[in-house]
Each structure stands twice: as C-alpha cells, then as structure tokens.
1. What is the one condition in (1) farther than 18 Å from residue 82 by Cα; (2) open to solvent by less than 30 Å² (accessible area, probe 1.4 Å) that residue 130 does not satisfy?
2. Being among the β-branched types (Val, Ile, Thr) and at pLDDT below 95 is the filter here, so list the residues in segment 87-115 that pass it.
3. Give all pairs with beta carbons closer than 8 Å in which a residue from segment 87-104 that is open to solvent by 40 Å² or more (accessible area, probe 1.4 Å) meets a residue that is assigned to a loop (DSSP other than H, G, I, E, B) and among the small types (Gly, Ala, Ser); count only pairs at least 6 apart in sequence or on separate chains.
4. Being closer than 30 Å to residue 119 by Cβ, open to solvent by less than 50 Å² (accessible area, probe 1.4 Å) and part of a helix (DSSP H, G or I): is that true of residue 174 here?
5. Evaluate the following for residue 118: is it surrounded by 16 or more Cβ atoms within 10 Å (Cβ to Cβ), among the hydroxyl-bearing types (Ser, Thr, Tyr) and in contact (Cβ under 8 Å) with a residue 60 or more places away in the chain?
6. Hey, among 125, 160, which residue is outside any helix (DSSP H, G or I), small (Gly, Ala, Ser) and either in contact with a Pro (Cβ under 8 Å, 6 or more places away or on another chain) or crowded, with 18+ Cβ neighbours inside 10 Å (or both)?
7. If the requirement is being surrounded by 15 or more Cβ atoms within 10 Å (Cβ to Cβ) and not small (Gly, Ala, Ser), which of these qualifies: 189, 148?
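The values are calculated or read from the model by the stated rules, or taken from the named source; none is laboratory data. As the structure is a prediction and not an experimental result, all values here were calculated from the model. Don't worry about glycine lacking a Cβ; one is built from the backbone with ideal geometry, like all the others, and counts go over all protein chains shown. We work out accessible area using only protein heavy atoms, side chains counted, and drop any ligands, DNA or RNA first. Shrake-Rupley method; radii C 1.70, N 1.55, O 1.52, S 1.80 Å.
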Amino acid sequence: MDSLREFDTSNGDSASINFCTNTITTTHHHHHQNINTSMNISPLTNVGGGMASSSSPPASSSTATLSRYENQKRRDWNTFGQYLRNHRPPLSLSRCSGAHVLEFLRYLDQFGKTKVHTQLCPFFGHPNPPAPCPCPLRQAWGSLDALIGRLRAAFEEHGGKPEANPFGARAVRLYLREVRDSQAKARGISYEKKKRKRPPQHPPNNAMPPPPNASSHLSQVKK
C-alpha cells in the first residue's frame, strides 16, 4: 500500500467533522475501548443522507445526484481521516484494518437517531410504538451500509489496493449483517430487497405465426 495517499484536510468544508477535545484510547487485548471526546458532527449525525444518492437517479438529475454523492463521499473520507488522527495512539491509513473500521462504526452509534428496542422493552418488534421508551438510539443499518460503500470506494480511489481495503473486510461485512438482522427484529421491519417483476416477454417481429386452429380448418374444408 505504498501508493496509498493519506487524507487531505485542506478542504475546509463546513459540513466536515470538527473535533474539540479528542482523546480516543483503545485497549485491544480486552476488546474494550474508552472514548473521551467532544465533537460537533454534522455529516455523520445522520449518515443515511447518502442512501438516496446511492440509488439509480433519473437521467435528468444524474449529474446533480452524482455531485451530491461525490461530496458526501469526500466528507465521509475526511471524517474517517480525522477519526484516525485523533485515535490514541494515532493511526496511519496504511495501518488501518477492519478492526479499526468496526471501532469507527460503533463510535458513530452515539450520534444515531434510530430507536432500537431491547428485548426487555414492551415495544420490541413493534414497527410503530404507541408511546416513548428509554431504548437507545443507534445509527440505522441502511445508513451504515451506505457509509461503508462510500468509504470503500474512496479508499481505492486514493490508491488503496482492493485486496487490502479495510472497509471490505469480512469482519465489517459480518458486523453489518448482524446490525441488519438485530435491527430488523427489534424494530419489527424487514430489510429484504423486493424482487423486481420481470417485464412480459414479447415474441420477436420475425417469429412464425401460430398454426391455424384445426377445427376452423376442417369447417372451411366442409364448406
């Protein structure tokens, strides 16, 4: 990964992340992390903003949608770069692994806006709870999935090798699958993709006409 370019923070985009106090300590051998930080995060407070832009847009708005997607991808890339720099100890992009990506995703949960009911909650599995509950707010699975897709693309655009892409690591895929399944049960919704209906197949123009009906042919002979 020698050709991998580090993050560019020269773009002072107002939507990028602003770190005020940054102390991120990770203890790996006990699989615990202590994060003491105060941040103002606008693009990742609801990272689902990229969901609409990742779908196939109409031809008339494809340019504008692509621009929004590219802008969001750049902000996400710089946000992850600042997360690595404020990690304790600081991490370079070339040393980033799937485990660090998982730390980043779990860290983002504190800024989530999606209510995920616990199994002890009376509204567990209820898609439309009739009353508020103290269950935690998390990042929605769809938002995290779209975020990882943008970061995975940005990593390779900045010179990273596909086989060394930490955002495509097996651990990250398994984590996203676990989040999807657990949130589907907790929220009483389904993330299954709808099957597209196949359009009716029309016979080609040069197809042979069907043979005449036998009964009508006999009636014509009798006449």
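1. (2)
2. 114 - this is the single residue of segment 87-115 that is among the β-branched types (Val, Ile, Thr) and at pLDDT below 95.
3. 97/169
4. No, not satisfied.
5. Criteria not met by residue 118.
6. Only one candidate qualifies: 160.
7. Of the residues listed, the single one that is surrounded by 15 or more Cβ atoms within 10 Å (Cβ to Cβ) and not small (Gly, Ala, Ser) is 148.
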